[in-house]
Amino acid sequence: MLSVNVKIGRKPLTLRVAVVGSGPAGSSAAETLAKAGIETYLIERKLDNAKPCGGAIPLCMVSEFDLPPEIIDRRVRKMKMISPSNREVDINLVNEEEYIGMCRREVLDGFLRNRAAKLGATLINATVHKLDIPTNNTDPYTIHYVDHNEGGAQGIAKTLKVDLVIGADGANSRIAKEMDAGDYNYAIAFQERIRLPADKMAYYNDMAEMYVGNDVSTDFYAWIFPKYDHVAVGTGTMQVNKASIKQLQAGIRARATEKLAGGQIIKVEAHPIPEHPRPRRVVGRIALVGDAAGYVTKSSGEGIYFAAKSGRMCAETIVEVSNSGARIPTEKELKLYLKRWDKKYGLTYKVLDILQTVFYRSDATREAFVEMCDDMDVQRLTFDSYLYKTVVPANPITQLKITAKTIASLLRGNALAP
């Protein structure tokens with residue numbers, strides 16, 4: 001009689017992935033992994049975290065990430081670009097169904113985090129302190145963390161063993177430090193949340209404002225963005241000392257004195273913003289996404305959509321190369337995420353970097369920039385690329401017109417002078 005040995009109860013490998021940080025990048029990654037049946041741990045230090053952020057999201061993110069209406073505080077259809085000389089250019093969306101979504105990060109982040117947890121991700125309220133990195137391609141990573149669900153504010157020290165780690169823990173990423181991802185230059189976003197009287201708030205019902213000038217930002221712009229019951233008034237700058245930031249914030253408050261009259265500051269926030277991607281974003285079986293990777297665009301300072309998109313793309317790659325969690329991916333396989341990311345968005349980052357270098361270097365170039373924004377061809381091209389994240393090339397005649405108008409604006413403002 002033929003004898004056959006059968007091993008009872010043996011299960012295929014179930015990949016274990018820890019996602020550190022539950023902002024849009026981390027939660028989107030965790031959601032994608034959990035949906036695929038991969039054992040997912042989502043670690044967040046502050047569950048009530050409200051990152052200082054303008055909170056603007058493009059229209060395509062609402063549908064692409066299935067965001068419910070209550071996530072959006074305001075639907076902005078009108079914007080004012082305000083030059084150093086206080087020249088105002090109105091930029092209005094023509095189609096009624098189009099808008100720029102304004103949200104509070106504590107609301108958006110909480111929704112995405114809770115959705116990931118409902119889909120199967122294990123949410124851990126904890127601070128990560130250390131990561132033990134294995135010496136081979138199969139042994140697990142050991143995450144050392146303090147669990148805040150137990151032991152009060154001090155928490156209880158614990159460890160977690162996983163096969164892959166996704167660092168989504170922001171510009172000051174602990175995971176980036178542990179994997180020696182390298183440093184990057186960063187700017188500071190500073191903003192005050194101001195509750196306005198009803199008549200002043202009515203002005204910002206569907207209106208956002210962007211101010212440029214050395215008095216409000218030497219290398220970026222300042223903003224007034226409407227939220228549910230207040231406005232966010234802030235500035236971005238690479239001058240990271242407190243005195244300079246305080247002076248620039250005073251600049252935006254001075255420019256908008258009448259519009260903010262009677263307002264009450266309800267919160268003050270500040271946070272670093274990466275200026276370019278880190279030198280290394282995948283090392284071994286660790287990948288960085290969102291701000292931890294450095295995915296904030298120059299010129300516009302946009303980070304929310306790109307954070308969520310990078311988290312999802314990274315997770316989709318993990319699901320693909322691991323056969324839905326049946327095997328442990330290699331570093332080379334994980335770097336497929338980077339190739340896809342750079343191919344899809346690399347040019348966008350380069351173009352916006354050039355725009356910031358050209359138009360934000362002096363008040364003369366900023367005047368030219370605002371003048372250029374008064375052109376309908378420029379507005380349409382800009383909004384299409386922002387709202388839908390697809391740069392639709394203008395026809396040759398329109399492209400020539402835009403180029404000619406750009407050069408003319410720079411010349412009129414003496415912006416091409418050395």
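Could you grab me the full set of residues in segment 228-255 that are modelled with pLDDT of 90 or more and charged (D, E, K, R)?
Hits for segment 228-255 are ASP229, LYS246, ARG253, ARG255.
Here's the yes/no breakdown for (1) among the basic types (Lys, Arg); (2) on the phi > 0 side of the Ramachandran plot; (3) in contact (Cβ under 8 Å) with a residue 60 or more places away in the chain:
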| position | (1), (2), (3) |
| --- | --- |
| LEU160 | no, no, yes |
| LEU164 | no, no, yes |
| ASP169 | no, no, yes |
| ARG174 | yes, no, yes |
| MET179 | no, no, yes |
| ALA208 | no, no, yes |
| GLY213 | no, yes, yes |
| VAL216 | no, no, no |
| GLY236 | no, no, yes |
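Any chance you could count how many residues in segment 304-324 are in contact with a strand residue (DSSP E or B) (Cβ under 7 Å, 6 or more places away or on another chain) and surrounded by 23 or more Cβ atoms within 10 Å (Cβ to Cβ)?
Of the residues in segment 304-324, 3 are in contact with a strand residue (DSSP E or B) (Cβ under 7 Å, 6 or more places away or on another chain) and surrounded by 23 or more Cβ atoms within 10 Å (Cβ to Cβ).
Name the residue that is modelled with the lowest pLDDT, counting only residues in segment 5-49 that are more than 14 Å from ALA315 (Cα to Cα) and among the charged types (D, E, K, R).
Going through the qualifying residues, I end up with ARG10.
Looking only at segment 283-301, which residues are under 14 Å from the mean Cα position of the chain (by Cα), small (Gly, Ala, Ser) and either surrounded by 24 or more Cβ atoms within 10 Å (Cβ to Cβ) or not assigned by TED's automatic domain parsing to the domain that holds ALA25 (or both)?
Passing the criteria: GLY290, ALA292, ALA293, GLY294.
Check off (1) under 19 Å from the mean Cα position of the chain (by Cα); (2) farther than 16 Å from PHE306 by Cα; (3) not basic (Lys, Arg) for MET81 and give me the number that stays unchecked.
(1)
Kindly indicate the residue of segment 85-102 that is acidic (Asp, Glu) and in contact with a strand residue (DSSP E or B) (Cβ under 7 Å, 6 or more places away or on another chain) and also nearest to PRO226 (Cα to Cα) among those meeting that condition.
Looking at residues that are acidic (Asp, Glu) and in contact with a strand residue (DSSP E or B) (Cβ under 7 Å, 6 or more places away or on another chain), I get ASP90.
With the condition being more than 24 Å from the chain's Cα centre (by Cα), I'd like the helices (runs of 4 or more DSSP H) fully within segment 328-388 carrying at least 3 qualifying residues.
331-334, 363-372, 376-388
Counting only residues that are under 22 Å from the mean Cα position of the chain (by Cα) and either of a type in the set (Asp, Glu) or surrounded by fewer than 15 Cβ atoms within 10 Å (Cβ to Cβ) (or both), which one in segment 224-256 is nearest to ARG105 (Cα to Cα)?
Once the filter is applied, the top-ranked residue is TYR228.
Evaluate the following for VAL231: is it touching a Ser or Thr at 6+ places or on another chain (Cβ under 8 Å), outside the structural domain of ILE318 (by TED's automatic domain parsing) and over 30 Å from ARG280 (Cα atoms)?
No.
Are any of the residues in segment 257-265 without any contact (Cβ under 8 Å) to a residue 24 or more places away in the chain, more than 21 Å from the chain's Cα centre (by Cα) and on the phi < 0 side of the Ramachandran plot? Give the derivation first.
Going through segment 257-265, the residues without any contact (Cβ under 8 Å) to a residue 24 or more places away in the chain turn out to be 257-258.
Applying the additional criterion that residues be more than 21 Å from the chain's Cα centre (by Cα) yields 257-258.
The next check asks that each one be on the phi < 0 side of the Ramachandran plot; those that pass are 257-258.
Among the residues of segment 257-265, at least one is without any contact (Cβ under 8 Å) to a residue 24 or more places away in the chain, more than 21 Å from the chain's Cα centre (by Cα) and on the phi < 0 side of the Ramachandran plot, which makes the answer yes.
Yes or no: segment 93-107 includes at least one residue that is assigned by TED's automatic domain parsing to the domain that holds ARG255, surrounded by fewer than 16 Cβ atoms within 10 Å (Cβ to Cβ) and either β-branched (Val, Ile, Thr) or assigned to a strand (DSSP E or B) (or both).
yes
What about LYS350, is it farther than 25 Å from THR135 by Cα, modelled with pLDDT of 95 or more, of a type outside the set (Gly, Ala, Ser) and not assigned by TED's automatic domain parsing to the domain that holds GLY23?
no
The values are calculated or read from the model by the stated rules, or taken from the named source; none is laboratory data. All of these numbers come straight from a predicted model, not from anything done at the bench. So basically every Cβ, Gly included, is an ideal-geometry build from the backbone, and we count neighbours across all protein chains shown.
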